[in-house]
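Structure record follows, encoded as structure tokens.
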Amino acid sequence: QAIGQLLTWVFIPLLGTSVLFSAERTSGTLRRLLTMPVRKSTYLFGTIFGSFALGVVQMTILVLFGRFALGISYGRDPLGLALLLIAFALAATALGTTLGTLVKTDSQANNLSIMFGMVMALLGGCWFPIELFPPAARTFAMLFPTRWAMVGMTDLAIRGQAVADILPEVSVLLLFAVVFFAIGTWRFRYE
């Protein structure tokens, strides 16, 4: 349960990267920023990396607090845990980046980030064991990064697997990141 909560409450703020893009675009700040001698790629990297770094810090605090204050075991492979959580943060930030290029207003970005985050967390198995879902819902859940992160975290924390065993999940999360970063940067606009 703690693993699912960690993933849920990091995923939603990382989807909130969309709010940053939307707010700067609708307020006109983005247009003013890009009149300076700064490339679009520099702006995108700064915004995306800032959200990603904040997510990694948040996950680190939650894992350390869970481990030392609550006695939660996250498995025997800290490298596997770090690799999986970094891949998850990249996928979530990339999805937030794409969402930020699709919305018109800040409130749309905020509301959709929360809604998509909650739905993907629920269907991804973060709140209830995925085995309780009908087979069609389990298959559909494979479309969400939350599901792949949950499988990897379960393999590490419950099954005691190592980094080599979660490489498929990490690979899928990185594929999510590449696809959504590509879509987000391609669709990026100033207004």
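Just check segment 13-58 against the gyration tensor rule for me: Cα atoms, a ≥ b ≥ c as the square roots of the eigenvalues, rounded for a/c under 1.5, and otherwise prolate or oblate depending on whether a/b exceeds b/c.
Cα axes put segment 13-58 in the oblate bin.
For segment 181-187, just list the computed ³J(HN,Hα) in residue order, Karplus coefficients 6.51, -1.76 and 1.60, θ = phi - 60°, integers in Hz, with x standing in for Gly and Pro.
Each residue's phi maps through the Karplus curve to give 5, 4, 5, x, 6, 5, 8 Hz.
With θ set to phi - 60°, apply the Karplus curve 6.51 cos²θ - 1.76 cosθ + 1.60 along segment 134-150 and write out the HN-Hα couplings as whole Hz, x wherever there is a Gly or Pro.
After applying 6.51 cos²θ - 1.76 cosθ + 1.60, I find x, x, 5, 5, 5, 5, 4, 4, 5, 7, 10, x, 4, 5, 5, 5, 5 Hz.
Which order do you get for Phe65, Phe88, Phe180 if you rank them by accessible area with a 1.4 Å probe, largest at the top?
Phe65, Phe180, Phe88
Need one number: nm distance between label points at Val178 and Trp127, each 7 Å from Cα along Cα→Cβ, rounded to one decimal.
Distance between the two pseudo-spin positions: 3.3 nm.
Give the ranking of Val172, Val57 by solvent-accessible surface, highest area first, calculated with a 1.4 Å probe.
Correct descending sequence by accessible area is Val57, Val172.
Could you size up the charge dipole of the chain around its Cα centre, putting +1 on the beta carbon of Lys and Arg and -1 on that of Asp and Glu, and report it in debye to the nearest 20?
For this selection, approximately 560 debye.
Does anything in segment 158-191 have its amide N under 20 Å from the 7 Å Cα→Cβ label point of Ser41, and if so which residues?
Counting backbone N atoms under 20 Å from the label point, the list is 177-190.
Once fully extended, how much extra length lies between Ala162 and Met142, figured as 0.36 nm per residue of separation less the alpha-carbon to alpha-carbon distance?
Between Ala162 and Met142, full extension yields 5.0 nm more.
Given the options Phe188, Ser27, Ala53, identify the residue whose Cα lies farthest towards the positive end of the charge dipole of the chain (+1 on Cβ of Lys, Arg; -1 on Cβ of Asp, Glu).
Ser27
In nm, what is the difference between 0.36 nm times the number of residues separating Phe49 and Ala23 and their Cα-Cα distance?
Value of the extension gain: 7.6 nm.
Quick one: 3J(HN,Hα) in Hz for segment 34-41, Karplus 6.51/-1.76/1.60 with θ = phi - 60°, rounded, Gly and Pro as x.
7, 7, 6, x, 10, 6, 4, 5
When Lys and Arg each count +1 and Asp and Glu each count -1, what net charge do the other residues less than 15 Å away from Leu99, Cβ to Cβ, add up to?
Here the charged neighbours net out to +2.
Express in nm, to one decimal, how much length is gained between Gln108 and Ser73 on full extension, taking 0.36 nm for each residue of separation and deducting their alpha carbon distance.
8.9 nm
How far is the Cα center of segment 55-72 from the Cα center of segment 117-160, in Å?
21
Quick check: with the 1.4 Å probe, what order do Val19, Val179, Val170 take by accessible area, largest first?
The residues order as Val179, Val19, Val170, largest area first.
To the nearest 10 degrees, how steep is helix 2-15 against the longest Cα principal axis of the chain, on a 0 to 90 scale?
Computed tilt is about 10 degrees.
Provide the solvent-accessible area of Lys104, counting protein heavy atoms only and rolling a 1.4 Å probe, rounded to the nearest 10 Å².
Counting only protein heavy atoms, the figure is 130 Å².
Gln161's amide H: which non-local residues (gap 5+, or another chain) put their own amide H closer than 5 Å, with H modeled 1.01 Å from N in plane and none for Pro or chain starts?
Amide H neighbours of Gln161: Leu156.
Just to confirm my numbers, what's the Cα centroid distance between segment 164-190 and segment 97-116 in Å?
The distance from the Cα centre of segment 164-190 to that of segment 97-116 comes to 18 Å.
Could you check the simple spin-label distance between Trp9 and Arg189, using points 7 Å along Cα→Cβ, in nm with one decimal?
Simple spin-label model gives 3.7 nm for this pair.
Around Ser18, with a cut-off of 13 angstrom between Cβ atoms, what is the net charge of the other residues, counting Lys and Arg +1 and Asp and Glu -1?
So the surrounding residues net to +1.
The values are calculated or read from the model by the stated rules, or taken from the named source; none is laboratory data. What you are looking at is a predicted structure, and each value in this text was computed from that prediction instead of being measured. When we count neighbours, we look across all protein chains shown, and the Cβ atoms used for this are built from the backbone with ideal geometry, even at glycine. Only protein heavy atoms, including side chains, enter the accessible area calculation; ligands, DNA and RNA are left aside. Shrake-Rupley method; radii C 1.70, N 1.55, O 1.52, S 1.80 Å.
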